[in-house]
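Since every read-out is calculated from the coordinates, none of them should be taken as a lab result. Because the structure is predicted, anything quoted here is derived from the model rather than measured. Virtual Cβ from ideal backbone geometry, glycine too; neighbours counted across all protein chains shown.
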Amino acid sequence: MDSITITRPDDWHLHVRDGEQMHAVLPHSAKQFARAIIMPNLKPPVVTTDTALAYRARILAALPATLQSGFEPLMTLYLTDNTPPAEVIRAKASGVVHGVKLYPAGATTNSDAGVTDITKCYATLDAMEQNDLPLLVHGEVTDPDVDVFDKEKAFIDRILAPLTQRFPNLRIVFEHVTTRDAVAFVKQTSNAIAATITAHHLLLNRNAIFQGGIRPHYFCLPILKRETHRQALLEAATSGNPKFFLGTDSAPHSQANKENACGCAGIFTAHAAIELYATAFEQAGALEKLEAFASFHGADFYQLPRNKDVITLKKDRWIVPEYFEFAGEKLIPLYANTGLTWRLT
Ligand code: NCD
Ligand code: ZN
């Protein structure tokens, strides 16, 4: 196949940051995706509907004129120990907040204000279940005694499985799943739970982090896993199962913050997101499954209409730039200086 045309996709997990950084990264997503679930882990985090509305206005204002009416940011709130149930009502009523994000405190970038103990959130989760506002989860425990490669599995056993029992009708997106265990859990649990999968977890295993030296641009959270887990993710993504859909987790950090004695977690993939997914699906011999994964399953789960227009990818080799401008700094994209075979037309 030399060309593939699919319904315009959406990105169900995206970091666009704020200010000048946002201006730098937003066009990459807006050129290919119709909508994106916008992560609330700013400093300070987006904890109220009012701040989500203001953030949404900043995103819309930052869109290049040509893309102004073509990209819709879908906002989220950042769950804290103290998010009041009333905030859930306000969020739902706003019509622009589509989920509440659970970051276990300390699990990842800007998660200090996250949840220290899930039992503190029961009243709020109850309101979310009642008002049908989805919970989006970063599924890793923060217990320092748990091995970094096992944090997702421990989260399922200790937090997520009990949560689905306690709130059976709460819709949950298990975001950026990285393990065979997570795939199995999502498959076997009710239709209230779904999962996003990133392009980098479909394309890479943990060896990438240590290829000839330490490679900070392959460091993200949840961290890349063994090949057997990558295989499970590929199988899930290409299976046609509507519980699995696209979420890039494109997470830009400056080169200086990545190439650092304590480098930030996050891989920037927005420059070529749909091309990267196409590459993974093609390698799995399942390019015909890309459209449903990228353009249908997420919209259906979030109960939003599917997009009407289309995008076309052509077989056309191009070299990913060495870097992008990033508010006076450099942003190193995934596969910098490397050839990709698919190109968005
Ligand atoms: C994300 C970030 O940089 O905001 N980093 C990452 O490695 N994915 C945070 C997150 O989604 O965990
Ligand atoms: Zn993320």
Mind listing the phi-derived Karplus ³J(HN,Hα) values for the stretch 296-303, rounded to whole Hz, using 6.51, -1.76 and 1.60 with θ = phi - 60°, and x for any glycine or proline? 10, 4, x, 4, 5, 5, 7, 6
How far apart, in nm, are the 7 Å Cα→Cβ label points at Lys330 and Ala284? 3.4 nm
For the chain, built as a Gaussian network whose Cα springs stay under 10 Å, the top-fluctuating residue of Val96, Val177, Val137: Val96
Of Gly285, Gly266, Gly106, which is the most mobile in a GNM of the chain whose springs link Cα atoms less than 10 angstrom apart? Gly285
Starting at the first residue of the stretch 118-135, write each ³J(HN,Hα) from the Karplus equation 6.51 cos²θ - 1.76 cosθ + 1.60 with θ = phi - 60°, in whole Hz, x for Gly and Pro. 4, 5, 5, 9, 4, 5, 6, 5, 4, 5, 5, 5, 4, 9, 6, 10, x, 9
As a quick test, which of the pairs Lys43/Lys308; Lys243/Lys315; Lys43/Lys92; Lys43/Lys153; Lys243/Lys308; Lys153/Lys330 have an alpha carbon distance above 31 angstrom in this structure? Lys43/Lys308; Lys153/Lys330
Given 10 °C and 1.306 mPa s, how large is the Stokes-Einstein diffusion coefficient of the stretch 233-345 in µm²/s, with Rh as the Kirkwood radius over Cα pairs? 102 µm²/s
The set of residues whose placed amide H lies less than 5 Å from the amide H of Gly99, leaving out same-chain residues fewer than 5 positions away, is Leu77
Using only the Cα atoms of the chain, each taken as one equal point scatterer with no solvent, compute I(q) by the Debye sum, divide by I(0), and report log10 of the ratio at q = 0.07, 0.14 Å⁻¹. -0.25, -1.15
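Relative contact order of the stretch 8-308: what whole-number percent is it, with Cα pairs under 8 angstrom and at least 6 residues apart?
Contact order relative to length: 18 percent.
Apply 1/(1 + (r/R0)^6) to the Cβ-Cβ distance of Phe149 and Arg58, taking R0 = 45 Å, and write down the FRET efficiency to the nearest 0.05.
Plugging the Cβ-Cβ distance into 1/(1 + (r/R0)^6) gives 0.75.
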Please work out the C-alpha center-to-center distance from the stretch 281-345 to the stretch 47-107 and express it in whole Å. 24 Å
So what's the back-of-envelope 222 nm ellipticity for the chain, counting only DSSP H runs of four-plus at -39500 (n - 2.57) apiece and dividing by all residues, rounded to 500? -8000 deg cm²/dmol
Assuming R0 = 30 Å, what is the FRET efficiency of Lys43 and Asp117, from their Cβ-Cβ distance, to the nearest 0.05? 0.85
Amide H of Leu74: which non-local residues (sequence gap of 5 or more, or other chain) have their own amide H closer than 5 Å, using H built in the peptide plane? Ala36, Ile37, Ile38
How much length, in nm to one decimal, is gained on full extension between Arg226 and Gln211, taken as 0.36 nm per residue of separation minus their Cα-Cα distance? 4.0 nm
